[in-house]
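Student: Quick one: structure below, then a few questions.
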Amino acid sequence: MILHLDIDCFFVSAHRTRDKSLMNIPTAVGGRSNLNIFSKSKHKRVVSDSNGAFVSSIVSEQDPNAQEYFKDENGRIRGIITTSSYEARAFGVKTAMSVNEALRLCPHLKMIAPNYPLYHELSYKLLQFLEYETPQVEQFSIDEYFADVTGWVEDKDVEIFAKRLKDKIEKIFDLPISIGVAKSKYLSKLATEYAKPHGVKVVFEDEVNDFIKDIPIEKFPGIGQGYQMRLRAHNIKTLGQIREKKHIFYAWKKPGIQLYNRVCGIKDFVLEKKAASKSIGIGRSFDPINNREEIKRRIIILARYLAFLVFKKRVNPQTFFIKIKYEFDSKSKSSFSTNRLFSEKFFKDEIIKMFNANDIHPTHSIIQLNITVSNFMEQKMDSFNLLEYENDLKKKQLNNKLNELRDKFGVDIIKNATEL
């Protein structure tokens, strides 16, 4: 049997582990995009190895005493809701809703600034706990896990096991959790929706047909808007109807067969460990900015952070990528490949050149920047441009010394003059 574990209202629940005054009141985490990396004032930021915790590698804790952190410098309420408590949901507050709308629906809503280091810490500790308590674990998102107990716990005992595991997690981590159990991953994830809040739902193999019979198709993980429209065109509105119309899905070849099997719990995927990263990126959205010098300052800052992540990962990227998003939804993107030894200065120089060459609307304001590195190569001398290798090696050695200081004292301890 496969267990799907989902921490209830994770970000809010994480804050409640530290602040019991938040219990049983409408609470939400969210607000403005994390733009303080561009601030000229001093902040201490750290970089975490996310270890499958699905959180940003660049983490900083906002001032927990800031009462109206979600307002901009003009006093306007900005940002979106990331997570809301069940008490807030009773007023209609939902994930991805604007903070403005949430406060209109629930004027006494307690808004909390995100604390990504806390989420990372709890998520990773719970992963370690599950790896000890169960034979095989896959972390699916920051607050979701699959655990395969097939052959380790008898089917007749799996509900007792799941309830004990839930109680252990709540006792050790002070986190409420819901657990769905079924023969396959997708059905166990679906079952979790019927275990919430703070419960356990087991769907045995001979109960699958009755369980899925009347569930709307939009409830199934993996059936998006496009597939919903396609299914409704065939008058398929419930998961039970999918099971009854196998011939339609098999006519759709691999995607249709895959969906049919997932819904019916047939030939589901095995659990997977998180694969090694193939790329590293960082980006930010912000209010429209027309000043190109300010844009370049922000690119340099993003490049410094990304170069530090490269240092932490001990990789040597050979491909750089930049994406620019303008006001009114126009976009520009470009990539560049090299055989040079990576260093922060080389990366900054190249990414600015890429911006200058690909700023296709120089009179338009920019609202988003993203930069990424990929194509990691072994750091062997014969892999690189030999004409530049000696000079690049000196830059990299200096780079490493700077980053060792950043690792100890924070990423902002040493900045480029153009950032200030």
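The values are calculated or read from the model by the stated rules, or taken from the named source; none is laboratory data. If you're wondering where the values come from, they're calculated on a predicted model, not measured in any experiment. Ideal geometry is used to build each Cβ from the backbone, glycine not excepted, and the neighbour counts take in all protein chains shown.
Student: So, of the residues in the range 85-124 that are more than 21 Å from Ser285 (Cβ to Cβ) and under 17 Å from the mean Cα position of the chain (by Cα), which turns out to be surrounded by the most Cβ atoms within 10 Å (Cβ to Cβ)?
Tutor: Applying the filter and picking the extreme gives Ser123.
Student: When only residues in the range 264-285 that are surrounded by 16 or more Cβ atoms within 10 Å (Cβ to Cβ) and not in a helix (DSSP H, G or I) count, which is modelled with the lowest pLDDT?
Tutor: Going through the qualifying residues, I end up with Asp268.
Student: Moving on. Restricting the search to the range 312-334, which residues are in a strand (DSSP E or B) and either closer than 29 Å to Asp392 by Cβ or touching a residue at least 60 places away in the same chain (Cβ under 8 Å) (or both)?
Tutor: Pro317, Gln318, Thr319, Phe320, Phe321, Ile322, Lys323, Ile324, Ser332, Lys333, Ser334
Student: Would you confirm, using the coordinates I've provided, whether Arg304 is buried (at least 16 other Cβ atoms within 10 Å of the Cβ), of a type in the set (D, E, K, R) and outside any helix (DSSP H, G or I)?
Tutor: no
Student: What number of residues within the range 1-12 are closer than 12 Å to Ile142 by Cβ and in a helix (DSSP H, G or I)?
Tutor: Counting residues in the range 1-12 that are closer than 12 Å to Ile142 by Cβ and in a helix (DSSP H, G or I) gives 2.
Student: From the list Ile179, Ile172, Ile142, pick out the single residue that is touching a Leu at 6+ places or on another chain (Cβ under 7 Å) and either surrounded by 20 or more Cβ atoms within 10 Å (Cβ to Cβ) or farther than 23 Å from Gln258 by Cβ (or both).
Tutor: Of Ile179, Ile172, Ile142, the one residue that is touching a Leu at 6+ places or on another chain (Cβ under 7 Å) and either surrounded by 20 or more Cβ atoms within 10 Å (Cβ to Cβ) or farther than 23 Å from Gln258 by Cβ (or both) is Ile179.
Student: A follow-up question, please. So how many residues does the range 227-248 have that are more than 20 Å from Val208 (Cα to Cα) and in a loop (DSSP other than H, G, I, E, B)?
Tutor: Of the residues in that region, 3 qualify.
Student: Let me ask something else. What number of residues in the range 132-156 are over 21 Å from the mean Cα position of the chain (by Cα) and not hydroxyl-bearing (Ser, Thr, Tyr)?
Tutor: Result for the range 132-156: 11.
Student: Now a separate question. Look through the range 300-330, keep the residues that are modelled with pLDDT of 85 or more and basic (Lys, Arg), and return whichever of them is nearest to Phe376 (Cα to Cα).
Tutor: Arg304
Student: Can we say Met381 is loosely packed, with under 14 Cβ neighbours inside 10 Å and at pLDDT below 85?
Tutor: Taking the combined requirement at face value, the residue satisfies it.
Student: Only one residue in Leu309, Leu341 is within 13 Å of Ile371 (Cα to Cα), assigned by TED's automatic domain parsing to the domain that holds Asp392 and either in contact with a helix residue (DSSP H, G or I) (Cβ under 7 Å, 6 or more places away or on another chain) or in a helix (DSSP H, G or I) (or both). Which one?
Tutor: Leu309
Student: Output the residues belonging to the range 334-358 that are under 9 Å from Phe320 (Cβ atoms) and of a type outside the set (Gly, Ala, Ser).
Tutor: Within the range 334-358, Phe336, Thr338, Phe347, Glu350, Ile351, Met354 qualify.
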